[in-house]
Amino acid sequence: MPILLLVSALTAPTSFAADKIYYTAIETFDPLGLLGPPVGEVLAPPTVKCPGHEPTGNPEQPCPVGSRTHTRNFVIVSRVDASDPILSGMMTVVLNGNMDANAEGPVWGTFIIALDSGGTWEGTWQGLRVLVIPEDPEEDPYWTATLNVQGKGYGGMVDGMKMMATDDIFTPTPVPIAYTGFIEGRVIDPN
């Protein structure tokens with residue numbers, strides 16, 4: 001009997017290689033046309049808290065200059081255009097963040113991409129937003145964030161697939177009223 005178990009263990013597959021698809025994409029959120037043609041929309045403005053202060057009511061400067069800003073449940077729609085059709089579509093994003101006086105800090109949230117080809121990706125993202133001050137005094141400061149993204153596919157050709165990506169975000173304003181993201185990632189098809 002022990003010999004039969006040993007033979008079975010030797011003939012059983014020890015692993016399988018899932019298919020991987022590598023992709024690049026550009027995410028655009030610019031409902032006011034600040035960076036080019038208008039793309040996306042705001043579905044719900046954020047809930048804003050200014051620890052130690054009252055909110056200003058100004059969406060471009062929601063807390064007094066020099067204070068911290070905590071935002072929750074900012075819901076937007078952006079556009080994702082990818083090198084592979086299994087990632088191109090309109091993305092609903094929920095943004096949260098805890099910003100310091102320089103609009104820097106941790107950011108996180110959820111997303112759903114309604115694919116042009118049918119099906120959806122649903123997942124989470126997180127990262128750290130930082131202020132970049134160019135050496136050239138003629139250039140305006142801007143903010144960047146590298147987001148770690150994970151999602152799962154539902155329906156259509158992505159059903160059961162998993163995706164992982166980094167999304168390098170560029171924002172020209174302290175509050176993300178417009179941004180561009182440069183995405184690199186992979187999709188794993190375990191089927």
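The values are calculated or read from the model by the stated rules, or taken from the named source; none is laboratory data. Given the structure is predicted, the values throughout are model-derived calculations rather than measurements. Neighbour counts run over all protein chains shown; Cβ positions are idealised from the backbone, glycine included.
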- [ ] Among the residues of the stretch 61-92, write down those that are closer than 18 Å to Pro172 by Cβ and within 14 Å of the chain's Cα centre (by Cα).
- [x] Phe74, Ile76, Ser78, Arg79
Task: Thr56, sole failed condition from (1) of a type in the set (Val, Ile, Thr); (2) modelled with pLDDT of 95 or more; (3) more than 17 Å from the chain's Cα centre (by Cα) - done: (2)
- [ ] Can you confirm whether the stretch 36-59 contains a residue that is aliphatic (A, V, I, L, M) and in a loop (DSSP other than H, G, I, E, B)?
- [x] no
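May I ask you to list the residues in the stretch 65-79 that are of a type outside the set (Lys, Arg), surrounded by fewer than 20 Cβ atoms within 10 Å (Cβ to Cβ) and either at pLDDT 90 or above or in contact with a Pro (Cβ under 9 Å, 6 or more places away or on another chain) (or both)?
Residues satisfying the conditions are Ser67, His70, Asn73, Val75, Val77.
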Open item on the list: Checking the condition modelled with pLDDT of 90 or more and touching a helix residue (DSSP H, G or I) at 6+ places or on another chain (Cβ under 8 Å), which residue from Ala82, Ala44, Ala25 passes?
Closed with: Ala25
Open item on the list: Of all residues being surrounded by fewer than 16 Cβ atoms within 10 Å (Cβ to Cβ) and not in a strand (DSSP E or B) in the stretch 174-191, which is modelled with the lowest pLDDT? Just the residue, please.
Closed with: Asn191
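Could you check the stretch 61-86 and list, in sequence order, the residues that are assigned to a loop (DSSP other than H, G, I, E, B), among the hydroxyl-bearing types (Ser, Thr, Tyr) and within 30 Å of Gly156 (Cβ to Cβ)?
Within the stretch 61-86, Ser83 is the sole residue that qualifies.
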Open item on the list: If I filter the stretch 99-122 for residues that are surrounded by 15 or more Cβ atoms within 10 Å (Cβ to Cβ), modelled with pLDDT under 95 and among the hydroxyl-bearing types (Ser, Thr, Tyr), do I get at least one hit?
Closed with: no
